[in-house]
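Working notes, structure below.
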Amino acid sequence: MSRRCLIAIGCDHYDEEDDLTGAEWDARHIFETLMNPVVGDYDPEGSHLLLSPSLTEIRAAIRSVLIQSDPIETLTVFFAGHG
């Protein structure tokens, strides 16, 4: 069975840049919308919402999605933050 997986990242807090105020909200909104079975029907177990994550947390989420046994039909990566 193929799955649709989502990694939504919103980064408001930075060590070297000015903080933002809406990136985490954007990621949370996209995640909630696409997790709705009527709208996006993404796999809740294979999807991750990361708010101001570290690089280690991002890598762990990617590994988690890629090592699952069921094939992935769609992998969506959404990023909101400083480009």
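The values are calculated or read from the model by the stated rules, or taken from the named source; none is laboratory data. This one's a predicted model, so the numbers in the text were calculated from it and none came from an experiment. A quick note on method: Cβ atoms are made from the backbone with ideal geometry, for glycine too, and the neighbour counts reach across all protein chains shown. All accessible areas refer to the heavy atoms of the entire protein, side chains included, with ligands and DNA or RNA removed. Shrake-Rupley method; radii C 1.70, N 1.55, O 1.52, S 1.80 Å.
So for each of 16-23, 42-49 I average, over its residues, the number of other beta carbons within 10 Å; can you give me the resulting order with the highest mean first? Please report the intermediate quantities before stating the final value.
Details: 16-23: 11.1, 42-49: 17.4.
Result, highest mean first: 42-49, 16-23.
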- prompt: So if R0 is 35 Å, what FRET efficiency would ARG63 and ASP15 give, r being the distance between their Cβ atoms, rounded to the nearest 0.05?
  reply: 0.90
statement: Helix 55-66: inclination vs the chain longest Cα principal axis, degrees, rounded to 10, gives 10
task: Give me the percent of the accessible area of the range 8-83 that comes from carbon and sulfur atoms, probe 1.4 Å, all protein chains in place.
output: 52
- line: Among LEU6, HIS82, LEU50, the residue whose Cα sits farthest towards the positive end of the charge dipole of the chain, when +1 is placed on the Cβ of each Lys and Arg and -1 on the Cβ of each Asp and Glu, is LEU6
- prompt: What relative contact order, as a whole-number percentage, does the chain give when Cα pairs under 8 Å and 6 or more residues apart are counted?
  reply: 50
message: Accessible area per residue for the chain in Å², computed with a 1.4 Å probe and the full protein assembly in place, what is it?
response: 66
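Where nothing but the Cβ of Lys and Arg (+1) and of Asp and Glu (-1) is charged, how large is the charge dipole of the range 1-64 around its Cα centre, in debye to the nearest 20? Don't skip to the end; give the middle numbers.
Values: 5 positive and 13 negative charges, 114 e Å.
The calculated dipole for the range 1-64 is roughly 540 debye.
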Over the chain - Rg/Rh using Cα atoms and the Kirkwood inverse-distance radius: 1.00
query: Once every DSSP H run of n ≥ 4 in the chain is given -39500 (n - 2.57) and the sum is divided by its residues, what mean residue ellipticity at 222 nm do you get, rounded to the nearest 500 deg cm²/dmol?
result: -9500 deg cm²/dmol
